[in-house]
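Some notes on the structure that comes next.
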């Protein structure tokens, strides 16, 4: 599975979560964090997709994706430890930890595997 197949939806979920957090609680931190990180992830996913179309890997995209997911894992895990609230801190920390592991796996295995050209 290619990283952009998960990165773009992951970014959209974060944007949606940020908007919902703002609408329900008036949290500008949720709005800024969710939309900001979500847009960066969507951009990284697009960079990876564009490179894949050119039959290459975008290591810049892998670094951005991994950095964002790891940072979110750390921040939201800390927030979960302080509040013990599953939603949103626990859920975002869990999803981000899974995404971090996925990105590290992709980096360790050489990135997106480019299929051989069909003749």
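From the list 111, 94, exactly one residue is at positive phi and either surrounded by 14 or more Cβ atoms within 10 Å (Cβ to Cβ) or in a helix (DSSP H, G or I) (or both). Which is it? Talk me through it step by step, then tell me what you get.
Working: 94 fails: at positive phi.
Going through 111, 94 in turn, just one is at positive phi and either surrounded by 14 or more Cβ atoms within 10 Å (Cβ to Cβ) or in a helix (DSSP H, G or I) (or both): 111.
Residue check: residue 102 meets all listed conditions (1) crowded, with 17+ Cβ neighbours inside 10 Å; (2) in contact with a helix residue (DSSP H, G or I) (Cβ under 6 Å, 6 or more places away or on another chain); (3) part of a helix (DSSP H, G or I) but one, namely (2).
Just to be sure before I move on: is residue 46 part of a helix (DSSP H, G or I) and either buried (at least 19 other Cβ atoms within 10 Å of the Cβ) or free of Cβ contacts under 8 Å to residues at least 12 places away in the same chain (or both) in the structure I sent? Let's see the steps before the verdict.
Numbers: part of a helix (DSSP H, G or I): yes; either buried (at least 19 other Cβ atoms within 10 Å of the Cβ) or free of Cβ contacts under 8 Å to residues at least 12 places away in the same chain (or both): no.
Criteria not met by residue 46.
Among the numbered conditions (1) farther than 19 Å from residue 2 by Cα; (2) modelled with pLDDT of 95 or more, the only one that residue 65 does not meet is (1). Looking across region 65-89, just one residue is farther than 24 Å from residue 20 by Cβ and either in contact with a helix residue (DSSP H, G or I) (Cβ under 7 Å, 6 or more places away or on another chain) or surrounded by 15 or more Cβ atoms within 10 Å (Cβ to Cβ) (or both), and that is 66. For residue 53, the conditions (1) free of Cβ contacts under 8 Å to residues at least 60 places away in the same chain; (2) more than 30 Å from residue 117 (Cα to Cα) are fulfilled apart from (2). Is at least one residue of region 8-31 modelled with pLDDT of 95 or more, buried (at least 20 other Cβ atoms within 10 Å of the Cβ), over 17 Å from residue 95 (Cα atoms) and within 15 Å of the chain's Cα centre (by Cα)? No, region 8-31 contains no residue that is modelled with pLDDT of 95 or more, buried (at least 20 other Cβ atoms within 10 Å of the Cβ), over 17 Å from residue 95 (Cα atoms) and within 15 Å of the chain's Cα centre (by Cα).
Scanning region 1-35 for residues that are over 24 Å from residue 106 (Cα atoms), out of contact with any helix residue (DSSP H, G or I) (no Cβ under 7 Å at 6 or more places or on another chain) and part of a helix (DSSP H, G or I) turns up 16, 20, 23, 24, 25, 29, 32.
The values are calculated or read from the model by the stated rules, or taken from the named source; none is laboratory data. Model, not experiment: these values are computed from the prediction. Don't worry about glycine lacking a Cβ; one is built from the backbone with ideal geometry, like all the others, and counts go over all protein chains shown.
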